[in-house]
């Protein structure tokens, strides 16, 4: 079941070995797995999603760059 959060700071992810990409501030939905957290978001007509390692997720939550809403 997806839960809600808000990006409030600089949150980045990588697609494979590519460069770091920013997730724009605003609402996101997330699903927690054993090893990672899957985030999804809408930016106009664009829909984005990524699987983020749990350690990165925790770092962003602790630094308050991601605010948990649920």
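Laboratory data are not the source of any read-out in this text; all were calculated from the coordinates shown. Keep in mind it's a predicted model, so treat the numbers as computed, not measured. FYI the Cβ positions are ideal-geometry reconstructions off the backbone, even for glycines, and counts take in every protein chain you see.
Any chance segment 51-60 includes a residue that's at negative phi, in contact with a strand residue (DSSP E or B) (Cβ under 9 Å, 6 or more places away or on another chain) and loosely packed, with under 11 Cβ neighbours inside 10 Å? For segment 51-60, residues at negative phi, in contact with a strand residue (DSSP E or B) (Cβ under 9 Å, 6 or more places away or on another chain) and loosely packed, with under 11 Cβ neighbours inside 10 Å: absent.
Just one of (1) touching a helix residue (DSSP H, G or I) at 6+ places or on another chain (Cβ under 7 Å); (2) in contact (Cβ under 8 Å) with a residue 24 or more places away in the chain fails for residue 35. It is (2).
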